[in-house]
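> Dropping the structure in here first, questions after.
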Amino acid sequence: MVMEQTEIKEGADFPATNAREQPINRLFGTQPAAWLYLLPSLILFAVFVFYPLFRTLQLSFFLSDSKGLPTVFVGFNNYARLLSSPEFLASAGSTLLFVLYTVPTTIILALILALLANEKLKGIGFFRTIFSSSMGISVAASSVVWLFIFNPSAGILNRLLSLLGVTGINWLADPNWALFSVSLTTIWLHLGFTFLILLGGLQNIDEHLYENAQIEGCGYWYRLRRITLPMLSPTLFFVITVSMIDAFQTFGQIDLLTKGGPGNATNLIVYSIYQKAFINFDFGMASAEVIVLFLCILLITALQFKFGERKVHYQ
Amino acid sequence: MKRIKLISLYTVLTILSLILFFPMLYALSASFMSAQEVLLGHFFPHQLHPENYLEAFRDVPLLRFLFNSIIISLIVTFGVLIVSGMAAYAFVFLHFRGRRLLFILFISTMMIPWETSMIPNFVTVQHLGWINRYAGLTVPFFASAFGTFLLRQYFKTIPEEMWEAAQISGIGHFRFFVKVVLPVSRTSLVTLGIYTFLTTWNTYLWPLLTTTDERVRPLQIGLRQLQSQETVNDWGVVMAAALIVVVPTLIVLFIGQKHLQQGLTDGALK
Amino acid sequence: MKSVELIDVTKTYGNGSVIIKNLNLSIQSGEFFVLVGPSGCGKSTILRMIAGLEGMTSGTLLIGGKPANLLPPSKRSLSMVFQNYALYPHLTARENIIFGLKAHRIGKDIVEKRLREAAEMLNLAPCLDRKPRQLSGGQRQRIALARSIVSEAPICLMDEPLSNLDAKLRARMRSEIRRIQRKIGTTMIYVTHDQIEAMTMGDRMAVLHDGTVQQIGRPIDVYNHPDHTFVASFIGSPQMNLMPAVYDDVQKILRIGASWTITRELPIAGGEVILGIRPENIHPATHPASAQNKAIHFSANIIDTEILGNETQLTFLLDHQTWTAKWEGQWTIPDQSAQEMVILPENLLVFDRKDGHILYDPKRSQKVEEVTV
Ligand SMILES: Nc1ncnc2c1ncn2[C@@H]1O[C@H](COP(=O)(O)OP(=O)(O)O)[C@@H](O)[C@H]1O
Ligand SMILES: [Mg+2]
């Protein structure tokens, strides 16, 4: 059924496949070959993306044994337990705060870096490399380094602050500071990738636009507002979406820096899922939480497309 | 006037570079400090203490982890290039029924966060006996919607006439794919390769779940292991290990930075 | 070498638009056949159907007298040269030329020999080891030609191969392609929108319009005896003057516009017609033609003159219609001045105003009657 429908759509694009008129294609048609080329992807997607998606959905309605196999159907019970658990509410709150702390900051900083690094200067390649370097640094390595930086006694951060007379902040163990500290690490970690993409976006802007603006005597800020940002908006749009999704999926920093603590201050959603599933073996509730995460990300993407696209200038 | 602008620009760039690279410089410096010196809170080691590196290799099988990470990242990189290269080829050069629908299906997998499938995938990998196997660490990542999308964007720039010319001279799809499409798209393959290598090298959660054994464990989890072993403030050793983890990817990134930037922007926006 | 025959071929695209309607073409073995028509009229579609790159909705294709509808492109014994050349950018010129041969496991000696011959024929020796990017447009074009030559296919298809070249090179390549085709004797099917290429290169040509063949014939016959106003205006530059006129078959008068009349008996029924005359058949009054007593004299206001070397193009108004004339020599005539001119009645063509078909062609009247009846 579905195939039939798309076939008509295809007709507009590639009439050569119009089967009715194609004795040629019926004989040595390209379909068998196509499926051969797509088979590896299809099998892998089926096994590792689509099947698990439905399985997770199923699990979220069941109690399960320690091997992760569903046992008793409990309807929405897992969801009810989840939504009424203070731990989940705390973790949802932390996650939202975390997104709020990290995403705008990362993008604004990366944009500033990209604008600076887009100047045509001698040796600019060196600075670009430095600015993008955190992309090559793994979550584990950077977390360990920041763990050291945040160390209350030996870490450089408190050493520096003590010069200013501020002492004794327990960055990762203080519920007031822990999420901030994790956010700082994350911003630093994501800056490289975001910078790289934004720089690419800036370099794709047609030089002539600037030349023309220069001839007309427009100032730097005017050019930034009227040319750069509008022309960059597709890239910004992409970067915002990717950063938000990334933030929702944060795990490594938490595992290495705080283990979700103190209290549940940094128990971000994926870490909370990990604990439920692989520490407490409560696969049912973990799956319910996964589905909630999935819906959140879907919603973000949908909202981005609905509202983001209108403001975006596409070339 | 122009000079002042230039000097201030360089100053700003330098300061920003120092701030951004500070954590790594600090780690580098600490990796050469003895435990006492670390506790004193020096920024520069007063006495070079390279033993930390030897210590790191002694504490955990760091070489083994390094080897595992390289193998895993290479396998995933080539797996992704082959699998998504083939899919992208089908989407561009094979006109089959339901092509558009299938492409939407592919793209939609980008919207499904990987965590969604984490629990069942763990069970699947367990059933396949792939826990503590390279297979379990690599095969689930072979199919890449992003990779397919990126390569498709590039393949689409190859004129249809090239395939037609090949058809007329009796060259089949496979030969055309291998001898024309892949060589012509070398740059985008390199981009995707670098990207995949970096992300695989840096994966954390999945190897944490599927390796309980030091024989296949990658560096990232090795680092976690080392960090949890080094309880008493031997930060120098941990920093040394962190640098060992970081150096290979930084090299890859420094070499491929230009490629990556161009390729990713094109892939994201065209 | 092989003949190519298209019988009742129709092509409809998925969206229902009929691109080719009931096409019949018969191309002889060894012939240089040109398909010419404005862009979008379906030339490429026809060529691609012959090549097998596009399916036919209905109809039969015969290659060398045998049905070929079901053959894959590689089994149709043809080679093709594309407008953008379709060279592989990662291969050198040499590798590009022999890429197809290699796929067929043709012996090394034979490949070398064919390559050498083709390179010699096209003066390619100095650029064989360069990549397409490092070659000029003209050289790329030759590589594409060489690729088609070494395949030694009995049929060669070309789709606007010269349209990406500059004017000077195009003129040279026209004669070069012609020369090579004569030399190796392939059956050539050549698509172009450029009527000059059609006129100068083809043994025969088919003029296409909106997916139908308007006329097939030797270039000179098509030029001199167009079957249709479309052909008349498409072939020839500057194009033929076509003016609405009315023939009164009682008074035997041809009325052009409001005031101009030609009294003359024509073997056609009265009614609305279109009068056609080529610019080069409108002469200045000083031309020897004006001495003939059947000559038709008139005077018109010149609105523009363009001197193109040794000939002059004049635009003038006659009864609010713009006409063009082409005179030999260099004429400097002030604008808005009246000028005496002369035409000979045997150069006048009369077309039906409704369907554009030829009604009267004095130089081949016996043939035309079949058409008009
Ligand atoms: N894939 C297609 N789907 C629908 N219409 C097409 C397709 N390809 C070509 N056409 C239409 O067919 C007509 C003829 O195209 P073509 O043969 O390329 O013309 P020409 O080569 O004479 O310029 C054009 O009007 C074009 O719009
Ligand atoms: Mg065409």
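> Within 16 Å of ligand 1 (Cβ to nearest atom) and out of contact with any Asp or Glu (no Cβ under 8 Å at 6 or more places or on another chain) - does that describe any residue in region C:164-174?
Yes; the residues of region C:164-174 include at least one that is within 16 Å of ligand 1 (Cβ to nearest atom) and out of contact with any Asp or Glu (no Cβ under 8 Å at 6 or more places or on another chain).
> In addition: In region A:84-93, is there at least one residue being over 18 Å from the mean Cα position of the chain (by Cα), free of Cβ contacts under 8 Å to residues at least 12 places away in the same chain, outside the structural domain of residue A:210 (by TED's automatic domain parsing) and more than 30 Å from residue A:202 (Cβ to Cβ)?
No - not one qualifying residue is present in region A:84-93.
> With respect to residue B:92, is the statement that it is in contact with a Lys or Arg (Cβ under 9 Å, 6 or more places away or on another chain), assigned to a helix (DSSP H, G or I), more than 10 Å from every other protein chain (Cβ to nearest Cβ) and among the hydrophobic types (A, V, I, L, M, F, W, C) true?
yes
> Tell me which strands (runs of 3 or more DSSP E) are completely within region C:202-270 and hold 3 or more residues being in the same structural domain as residue C:34 (by TED's automatic domain parsing) and within 16 Å of ligand 2 (Cβ to nearest atom), or say none if there are none.
C:204-209
> In addition: If you check A:141, A:114, A:110, A:154, which single one turns out to be part of a helix (DSSP H, G or I) and within 7 Å of chain B (Cβ to nearest Cβ)?
None of the others qualify; the one that does is A:141.
> While we're on this one: Of the numbered conditions (1) hydroxyl-bearing (Ser, Thr, Tyr); (2) under 14 Å from residue B:165 (Cα atoms); (3) away from ligand 2 (no atom under 16 Å from the Cβ), residue C:85 satisfies every one except a single condition; which is it?
Only one criterion in (1) hydroxyl-bearing (Ser, Thr, Tyr); (2) under 14 Å from residue B:165 (Cα atoms); (3) away from ligand 2 (no atom under 16 Å from the Cβ) is unmet by residue C:85, namely (3).
> Among (1) within 12 Å of chain B (Cβ to nearest Cβ); (2) buried (at least 20 other Cβ atoms within 10 Å of the Cβ); (3) outside any loop (DSSP other than H, G, I, E, B), there is one condition residue A:242 misses while meeting the rest; what is its number?
(2)
> Identify all residues within region C:128-148 that are out of contact with any Ser or Thr (no Cβ under 8 Å at 6 or more places or on another chain) and outside any helix (DSSP H, G or I); write none if there are none.
C:135, C:136
> To continue, here is another question. Identify, by number, the condition in (1) within 12 Å of another protein chain (Cβ to nearest Cβ); (2) farther than 22 Å from residue A:138 by Cα that residue B:147 doesn't meet.
(2)
> Here's a follow-up. Filter region B:238-257 for residues that are closer than 16 Å to residue A:155 by Cα and either under 13 Å from the mean Cα position of the chain (by Cα) or modelled with pLDDT under 85 (or both) and give the result.
Hits for region B:238-257: nothing passes.
> Which condition breaks for residue A:227 when tested against (1) crowded, with 17+ Cβ neighbours inside 10 Å; (2) within 12 Å of chain B (Cβ to nearest Cβ)?
With (1) crowded, with 17+ Cβ neighbours inside 10 Å; (2) within 12 Å of chain B (Cβ to nearest Cβ) applied to residue A:227, the lone miss is (2).
> Where residues in region C:53-70 are part of a loop (DSSP other than H, G, I, E, B) and more than 8 Å from every other protein chain (Cβ to nearest Cβ), which of them is nearest to ligand 2 (Cβ to nearest atom)?
Taking region C:53-70 first, the residues part of a loop (DSSP other than H, G, I, E, B) are C:53-57, C:64-65, C:68-70.
Now restrict to residues that are more than 8 Å from every other protein chain (Cβ to nearest Cβ): C:64-65, C:68.
Numbers: C:64: 26, C:65: 28, C:68: 22 Å.
Per the stated criteria, the residue is C:68.
> Turning to a different aspect of this structure: State whether one or more residues within region B:26-47 are aromatic (Phe, Trp, Tyr) and part of a helix (DSSP H, G or I).
Yes.
> Given the criterion at pLDDT below 85 and in the same structural domain as residue A:149 (by TED's automatic domain parsing), identify the matching residue among A:192, A:168. Give the derivation first.
Numbers: A:192 fails: at pLDDT below 85.
Testing whether each residue is at pLDDT below 85 and in the same structural domain as residue A:149 (by TED's automatic domain parsing) leaves just A:168.
> Regarding residue C:43, is this residue of a type outside the set (Gly, Ala, Ser) and surrounded by fewer than 16 Cβ atoms within 10 Å (Cβ to Cβ)?
Criteria not met by residue C:43.
> Sticking with this one: If you scan region C:9-52, which residues turn out to be within 14 Å of chain A (Cβ to nearest Cβ), more than 9 Å from ligand 1 (Cβ to nearest atom) and of a type outside the set (Ser, Thr, Tyr)?
Within region C:9-52, C:9, C:16, C:18, C:49, C:50, C:51, C:52 meet the criteria.
> Output the residues belonging to region C:181-197 that are hydrophobic (A, V, I, L, M, F, W, C) and more than 14 Å from ligand 2 (Cβ to nearest atom).
Taking region C:181-197 and keeping what is hydrophobic (A, V, I, L, M, F, W, C), we get C:184, C:188-189, C:191, C:196.
Those that are hydrophobic (A, V, I, L, M, F, W, C) and more than 14 Å from ligand 2 (Cβ to nearest atom): C:184, C:188, C:196.
> Hey, among the residues in region B:156-181 that are closer than 16 Å to residue C:84 by Cα and of a type in the set (Gly, Ala, Ser), which one's farthest from the other protein chains (Cβ to nearest Cβ)?
Per the stated criteria, the residue is B:166.
> How about region A:65-76: which of its residues are touching a residue at least 40 places away in the same chain (Cβ under 8 Å) and more than 14 Å from every other protein chain (Cβ to nearest Cβ)?
Selection gives A:74 alone.
> Another question, then. From the list C:181, C:134, C:195, C:139, which one is modelled with pLDDT of 90 or more and within 16 Å of ligand 1 (Cβ to nearest atom)?
Being modelled with pLDDT of 90 or more and within 16 Å of ligand 1 (Cβ to nearest atom) holds for just one of C:181, C:134, C:195, C:139, which is C:195.
> Mind telling me which of the residues C:172, C:133 ends up being farther than 27 Å from residue C:357 by Cβ and either more than 14 Å from chain B (Cβ to nearest Cβ) or within 16 Å of ligand 2 (Cβ to nearest atom) (or both)?
C:172
> Can I ask one more? Would you mention how many residues in region C:7-32 are aromatic (Phe, Trp, Tyr) and either outside the structural domain of residue C:192 (by TED's automatic domain parsing) or within 16 Å of ligand 2 (Cβ to nearest atom) (or both)? Working first, answer last.
Kept after step one, since they are aromatic (Phe, Trp, Tyr), are these residues of region C:7-32: C:13, C:32.
Checking the rest, the ones that are also either outside the structural domain of residue C:192 (by TED's automatic domain parsing) or within 16 Å of ligand 2 (Cβ to nearest atom) (or both) come to C:13.
Going through region C:7-32 one residue at a time, the tally reaches 1.
> From (1) crowded, with 21+ Cβ neighbours inside 10 Å; (2) free of Cβ contacts under 8 Å to residues at least 60 places away in the same chain; (3) polar (S, T, N, Q), pick out the condition that doesn't hold for residue B:191.
So residue B:191 meets the others, but not (2).
> OK, next. Out of curiosity, is residue C:136 of a type in the set (Ser, Thr, Tyr), within 24 Å of residue B:157 (Cβ to Cβ) and without any contact (Cβ under 8 Å) to a residue 12 or more places away in the chain? Step through it out loud before you land on a result.
Numbers: of a type in the set (Ser, Thr, Tyr): yes; within 24 Å of residue B:157 (Cβ to Cβ): yes; without any contact (Cβ under 8 Å) to a residue 12 or more places away in the chain: yes.
So residue C:136 passes the test.
> To continue, here is another question. Just give me the residues in region B:39-60 being in contact with a helix residue (DSSP H, G or I) (Cβ under 7 Å, 6 or more places away or on another chain) and touching a residue at least 24 places away in the same chain (Cβ under 8 Å), in sequence order.
B:49, B:52, B:53, B:55, B:56, B:59, B:60
> Is it true that some residue in region A:293-306 is at pLDDT 85 or above, buried (at least 22 other Cβ atoms within 10 Å of the Cβ) and not in a loop (DSSP other than H, G, I, E, B)?
No, region A:293-306 has no match at all.
The values are calculated or read from the model by the stated rules, or taken from the named source; none is laboratory data. Treat the numbers as computed from the prediction; the structure is a model and nothing was measured. So basically every Cβ, Gly included, is an ideal-geometry build from the backbone, and we count neighbours across all protein chains shown.
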